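One structure below.
The values are calculated or read from the model by the stated rules, or taken from the named source; none is laboratory data. The structure displayed is predicted, hence computed values, not measured ones. Neighbour counts are summed over all protein chains in view; Cβ atoms, including those assigned to glycine, are modelled from backbone coordinates with ideal geometry.
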């Protein structure tokens with residue numbers, strides 16, 4: 001009977017070469033995998049903005065065409081739908097501002113408290129600690145333009161303009177009502193702010209230094225800034241019926257938005 005030849009295994013050198021090749025391939029693929037994961041989170045964030053935008057519009061249908069309120073007086077109305085759009089469904093721990101006594105007026109339009117709580121959190125932001133100025137504050141990551149509480153939807157023009165921080169040039173975009181705010185400017189820095197005003201920056205935390213927002217038409221929109229600094233509140237304007245440019249970064253009381 002013919003003797004079988006001994007089976008030859010891998011030498012130590014061959015094993016080391018295989019391990020080195022696998023390690024190299026993993027290193028080459030990691031950036032692509034990270035980008036793919038972030039692209040998925042970015043798309044989810046934009047989808048959430050679309051949900052919030054639709055919730056604002058659906059509430060306005062039941063509220064005499066008016067958007068909801070923000071915080072407490074003077075940014076809230078005297079009707080149930082004129083209360084704060086965000087409330088105790090998101091505020092936790094020792095931070096208990098005025099809206100924390102009631103659920104926000106958008107909750108019923110977003111599928112309940114748990115659903116609303118998830119929608120208000122950007123999937124790209126991790127929790128790095130309350131007041132850290134980095135990432136999520138653990139409660140919400142989106143904020144309302146403080147000029148629009150109680151504004152009639154029909155009085156808000158569909159087109160706005162912001163000044164690009166990189167080029168200094170004006171850019172026309174669908175008018176924002178809710179946007180991602182830079183964590184270092186109010187969302188998670190020295191205070192917790194659910195109203196976007198003059199000192200607040202638009203977030204550029206997604207791929208390509210981009211951020212998302214909900215437009216007055218209910219759609220989710222994206223701005224690619226290309227820089228670490230997004231446009232601030234005073235960089236946003238909207239043109240009035242008379243042709244004048246109105247600054248969006250100035251807070252107005254409930255129903256204070258005119259034309």
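Observations on the model:
- Residues of segment 64-114 that turn out to be over 22 Å from residue 255 (Cβ atoms) and exposed (fewer than 13 other Cβ atoms within 10 Å of the Cβ), as a count: 5
- Some residue of segment 60-68 being part of a helix (DSSP H, G or I) and at pLDDT 90 or above: yes
- Test result for residue 165, out of contact with any strand residue (DSSP E or B) (no Cβ under 6 Å at 6 or more places or on another chain) and either more than 18 Å from residue 91 (Cα to Cα) or not in a loop (DSSP other than H, G, I, E, B) (or both): yes
- Residue list for segment 119-152, restricted to those being under 24 Å from residue 63 (Cα atoms), under 13 Å from the mean Cα position of the chain (by Cα) and not in a loop (DSSP other than H, G, I, E, B): 119, 142, 143, 144, 145
- The residue of segment 195-206 that is farthest from the chain's Cα centre (by Cα), among those that are modelled with pLDDT of 90 or more and outside any strand (DSSP E or B), is 198.
- Looking only at residues in segment 231-249 that are touching a helix residue (DSSP H, G or I) at 6+ places or on another chain (Cβ under 8 Å) and part of a loop (DSSP other than H, G, I, E, B), the one that is surrounded by the most Cβ atoms within 10 Å (Cβ to Cβ) is 248.
- For segment 209-230, a residue qualifies if it is surrounded by fewer than 22 Cβ atoms within 10 Å (Cβ to Cβ), in a loop (DSSP other than H, G, I, E, B), touching a strand residue (DSSP E or B) at 6+ places or on another chain (Cβ under 8 Å) and modelled with pLDDT of 95 or more, and the qualifying residues are 217, 219.
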